[in-house]
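The values are calculated or read from the model by the stated rules, or taken from the named source; none is laboratory data. Keep in mind the model is a prediction, meaning the values are calculated, not measured. Heads up, the Cβs are rebuilt from the backbone with ideal geometry, glycines too, and the neighbour counts pull from every protein chain shown.
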Amino acid sequence: QCGHISLSAPIVRLGDPITASCIISQNCSHLDSESHIVWKLEAELQPGERQQYLPNGTLQSTITLPHLNRSRALLSCCLHWGNSLQILDQAELQAGYPPATPHNLSCLMNLTTNSLTCQWEPGPNNHLSTNFTLKSFRSRGNCQSQEDSIPDCVPEDGQSHCSIPRKHLQLYQNMGIWVQAKNALGTSVSPKLCLVPMDVVKLEPPTLWALGPSPELAPPQPGCLRLRWETWKPSLHIDQKCELRHQPRLGEASWDLVGALPSRTLQYELCRLRPSTAYALQMRCTRWRLPGHWSNWSPSLELTTTQR
Amino acid sequence: QCGHISLSAPIVRLGDPITASCIISQNCSHLDSESHIVWKLEAELQPGERQQYLPNGTLQSTITLPHLNRSRALLSCCLHWGNSLQILDQAELQAGYPPATPHNLSCLMNLTTNSLTCQWEPGPNNHLSTNFTLKSFRSRGNCQSQEDSIPDCVPEDGQSHCSIPRKHLQLYQNMGIWVQAKNALGTSVSPKLCLVPMDVVKLEPPTLWALGPSPELAPPQPGCLRLRWETWKPSLHIDQKCELRHQPRLGEASWDLVGALPSRTLQYELCRLRPSTAYALQMRCTRWRLPGHWSNWSPSLELTTTQR
Amino acid sequence: TPLGPASSLPQSFLLKCLEQVRKIQADGADLQERLCTTHKLCHPEELVLLGHSLGIPQASLSSCSSQTLQLTGCLRQLHGGLFLFQGLLQALAGISPELAPTLDILQLDVTDFATNIWLQMEDLGVAPAVQPTQGPMPTFTSAFQRRAGGVLVASKLQSFLELAYRVLRYLAEP
């Protein structure tokens, strides 16, 4: 090799010094006592190199850049030759920070994809290629002891979420979950979550339907509305309680809430409303008496109460 | 095995007969002289079976369905047991036709994906799982002799097109190409194409630009328009000739054509048009003097001629 | 038997060759541009010393100069040069993920062009008896050397193609 750069470290912390040495061998055949190695960082010449001839006739130059302030920079080892500056080797300098601690780790059990999806915030850019891995294990108690481990979940490039497939999950057992971030300058781990997949199910809202007039039913009272609802199909096996909120479509009135409703009813009558007024109704549900998250509010069902 | 069906052929031509035999072994332990094997095709009982006891005590029944008219049907071998009919084995019968000859095979060389994309019409549905394969080879002459073969191109499921990647192509040499269709009842091959990839390049239309007024140029004559154009960037290395067509935007006048234009010009003046009239201009190009296909017409460039 | 000047070369062959040269020139320019933007290696003049130590062979087109045009010799040198560049481009494999697709297309187009010339020589009965074999190729021992090699090879290829284009244009003139 005509010229070869070796670095004190391929990657340093941003602002730290970095030392490089370049050795130019005899087979460059153009070496003479006047030969002088010149260093360039990107396009700027760098002063301060120390040059010496080694016993075997090779020429060595060493330079220390006191503060590497760029996350990427190209360092060239050059030699004056004729009236040109010949590049003999180049090295890519990298600088950055160890990974910040990933935070805001949260997980939801998705009943349609049957996977536990966790997301986190990676923290500020550390300028280096950083691998995030979602690690987890199954545990009997409150995640103090590890029963058996679960394969690492590796997110797609640059993504801050990962989904653990159903086959690695025991839906009703505790799991310890955390995120590890690793780059050339270090490793950091997020605080650990301890959760039971079924307790973090992401419920979709129930579906509301208006109840049309029907022979078996007496017409609704003035100021009353008849409707029915059904929880989200993939969650039919989960006992839930629901909340209904309603507000007149026009005007500024706030939502009124009717709590603790069953997760399914064939016919419900909502009364003490203003007659012949258009109302917007929404419902949400949560797993109940077992722990769970509230679903979002359903889209509005618009019904109008009958005249007095 | 309690019961086992064996078929004369797993797949037959639609309407052909099919013979099945079912053997019920001793370990079904409920066999006695009154035992009687019953055949069901989907849900319908099938008469006409011939039953016999084999020397080793197993019971065998054979049935021939004269015309299998369904492309898919489930044949069940059953036994009366108490007052129920017990299913002991099932076989899926399949019927269809040998593949029709694929036709209308055509290919285009795509300069952006750098692949030769061929498409064909598979012919009528033959009710059976049919594999299509695009086969090709390189040839010196007019595809009579095969130089070296090219790996089969297997289209995605159900697709009737396939793309041969650049690395398998010699863009300026003859290639023999055909489609093979194969299913359980036979194989058919399309007529063979013999082509040179570069002669079937799919050119995108050129791009037209209006030439704005500029100090170096005298203003255009009344009834004239100034424009320039450039061929599609990935085809800049291909010598082409182009055609320009124009028509007044309003009214029913048909297109007027200006032929044999160069593939690029920095400035072109189109005259003998009606003054102060809005015109739509379109251009297309083709590889020229070497063989090639015309591109589609470009989108319209709308220009208005100056007053008299 | 040496060939007379243009008389014996089919017009379509010459037009195809010109088209292929223009394509390879475009591929080569694309590679040079990417080497410059991605790796800041923009000037072959800065890499002459390295080129000497790497020992990148030179392709000659002496039989193609207009004064001493010798068609059979010219076609053979054209093929020989392209064959040499095939080897050099192959030696650059692993240049860098960003450049690999460009290098692949360049290599395929150079190989196609070399094949066309060989087949035409065979058709004219002037092809060498034996297919050429690749001589010693430079070994690029680092990512930097492959990129610097890429700059040097691309620049030599452009000069080679410039000469080839001139002689092919001359041969194609009616």
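Evaluate the following for A:Ser163: is it of a type in the set (Ser, Thr, Tyr) and under 30 Å from A:Thr306 (Cα atoms)?
no
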- Message: Looking only at segment A:190-238, count every residue that is farther than 30 Å from A:Pro98 by Cβ and loosely packed, with under 14 Cβ neighbours inside 10 Å and tell me the total.
- Response: 13
- Message: It is to be established whether one or more residues within segment B:113-131 are within 14 Å of chain C (Cβ to nearest Cβ) and free of Cβ contacts under 8 Å to residues at least 12 places away in the same chain.
- Response: no
- Item | Residue among C:Leu157, C:Leu108 that is free of Cβ contacts under 8 Å to residues at least 12 places away in the same chain, surrounded by 19 or more Cβ atoms within 10 Å (Cβ to Cβ) and more than 14 Å from chain A (Cβ to nearest Cβ) | C:Leu108
- Query: Is there any pair linking a residue in segment C:25-37 that is touching a residue at least 24 places away in the same chain (Cβ under 8 Å) to one that is of a type in the set (Ser, Thr, Tyr) and part of a helix (DSSP H, G or I), with Cβ under 9 Å and at least six apart or on different chains, and which?
  - Reply: C:Gln25/C:Tyr165; C:Asp27/C:Thr102; C:Gly28/C:Ser155; C:Asp30/C:Thr102; C:Leu31/C:Thr102; C:Gln32/C:Ser155; C:Arg34/C:Thr102
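Matching residues to (1) assigned to a loop (DSSP other than H, G, I, E, B); (2) more than 13 Å from the chain's Cα centre (by Cα); (3) under 30 Å from A:Lys233 (Cα atoms):
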residue	(1), (2), (3)
A:Gln86	no, yes, no
A:Gln119	no, no, yes
A:Ser136	no, yes, yes
A:Val179	no, no, no
- Please tell me if B:Pro99 is in a loop (DSSP other than H, G, I, E, B), within 26 Å of B:Val189 (Cα to Cα) and not basic (Lys, Arg). yes
- Note on the structure: Within segment A:148-158, residues being assigned to a loop (DSSP other than H, G, I, E, B), surrounded by fewer than 17 Cβ atoms within 10 Å (Cβ to Cβ) and touching a residue at least 12 places away in the same chain (Cβ under 8 Å) number 1
- Query: Looking at B:Leu281, is it touching a residue at least 60 places away in the same chain (Cβ under 8 Å) and either within 36 Å of the chain's Cα centre (by Cα) or exposed (fewer than 12 other Cβ atoms within 10 Å of the Cβ) (or both)?
  - Reply: yes
- Report the residue count in segment B:172-198 for those that are within 14 Å of another protein chain (Cβ to nearest Cβ) and of a type in the set (A, V, I, L, M, F, W, C). 3
- Task: Please find, within segment A:79-94, the residue that is nearest to C:Thr38 (Cα to Cα) out of those that are within 11 Å of chain C (Cβ to nearest Cβ) and out of contact with any helix residue (DSSP H, G or I) (no Cβ under 8 Å at 6 or more places or on another chain).
- Result: A:Glu92
- Task: Return the pairs, sorted by first residue and then second, in which the second residue is modelled with pLDDT under 90 and loosely packed, with under 15 Cβ neighbours inside 10 Å, the first residue lies in segment A:34-51 and is under 19 Å from C:Leu49 (Cα atoms), the beta carbons are less than 8 Å apart, and the residues are 6+ apart or on different chains.
- Result: A:Ser35/A:His80; A:His36/A:His80; A:Val38/A:His80
- Quick one: is A:Ile23 modelled with pLDDT of 85 or more, away from chain C (no Cβ under 14 Å) and not in a loop (DSSP other than H, G, I, E, B)? no
- Message: Looking at C:Leu88 and the list (1) away from every other protein chain (no Cβ under 13 Å); (2) touching a Phe, Trp or Tyr at 6+ places or on another chain (Cβ under 8 Å); (3) of a type in the set (A, V, I, L, M, F, W, C), which single condition is not satisfied?
- Response: (2)
- Query: How many residues, within segment C:28-56, are surrounded by 15 or more Cβ atoms within 10 Å (Cβ to Cβ) and more than 14 Å from chain A (Cβ to nearest Cβ)?
  - Reply: 5
- Odd one out for C:Gln67 among (1) among the polar types (S, T, N, Q); (2) within 14 Å of chain B (Cβ to nearest Cβ); (3) surrounded by fewer than 16 Cβ atoms within 10 Å (Cβ to Cβ): (2)
- Task: Considering every residue within segment C:43-59, establish whether at least one is in a loop (DSSP other than H, G, I, E, B), among the aliphatic types (A, V, I, L, M) and over 16 Å from the mean Cα position of the chain (by Cα).
- Result: no
- Kindly indicate whether any position in segment B:186-205 is among the basic types (Lys, Arg) and under 31 Å from the mean Cα position of the chain (by Cα). yes
- Query: Among the residues of segment B:196-203, is any among the charged types (D, E, K, R) and part of a loop (DSSP other than H, G, I, E, B)?
  - Reply: yes
- Considering only residues that are among the small types (Gly, Ala, Ser) and assigned to a strand (DSSP E or B), look in segment B:35-84 and name the one that is farthest from B:Ser6 (Cα to Cα). B:Ser84
- Just give me the residues in segment C:150-170 being over 24 Å from C:Gly55 (Cβ atoms) and of a type in the set (D, E, K, R), in sequence order. C:Arg166, C:Arg169
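Could you list, in sequence order, the residues of segment C:60-79 that are part of a helix (DSSP H, G or I) and not hydrophobic (A, V, I, L, M, F, W, C)?
Result: C:Ser62, C:Ser63, C:Thr72, C:Gly73, C:Arg76, C:Gln77, C:His79.
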- Task: With respect to B:Leu290, determine if the residue is away from chain C (no Cβ under 14 Å) and crowded, with 19+ Cβ neighbours inside 10 Å.
- Result: no
- From the list C:Val126, C:Val153, which residue is among the hydrophobic types (A, V, I, L, M, F, W, C) and at pLDDT 95 or above? C:Val153
- When restricted to B:Asp16, B:Asp32, the only residue of a type in the set (Asp, Glu), surrounded by 11 or more Cβ atoms within 10 Å (Cβ to Cβ) and assigned to a loop (DSSP other than H, G, I, E, B) is B:Asp16
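Here's the yes/no breakdown for (1) assigned to a strand (DSSP E or B); (2) farther than 26 Å from B:Leu171 by Cβ:
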site: B:His237; (1), (2): no, no
site: B:Cys242; (1), (2): yes, no
site: B:His246; (1), (2): yes, yes
site: B:Ala253; (1), (2): no, yes
site: B:Glu269; (1), (2): yes, yes
site: B:Pro275; (1), (2): no, yes
site: B:Met283; (1), (2): yes, no
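Within segment A:64-71, does at least one residue satisfy the condition of being crowded, with 18+ Cβ neighbours inside 10 Å and either of a type in the set (Val, Ile, Thr) or within 14 Å of another protein chain (Cβ to nearest Cβ) (or both)?
The answer is no, given that none of the residues of segment A:64-71 is crowded, with 18+ Cβ neighbours inside 10 Å and either of a type in the set (Val, Ile, Thr) or within 14 Å of another protein chain (Cβ to nearest Cβ) (or both).
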- Flagged pairs (Cβ under 7 angstrom, 6 or more apart or on separate chains; first in segment C:134-147, facing chain A (nearest Cβ under 9 Å); second of a type in the set (Gly, Ala, Ser) and in a loop (DSSP other than H, G, I, E, B)) are C:Ala143/C:Ser96; C:Arg147/C:Ser96
- Note on the structure: Note on B:Arg272: of the conditions (1) away from every other protein chain (no Cβ under 14 Å); (2) within 26 Å of B:Lys202 (Cα to Cα), unmet is (2)
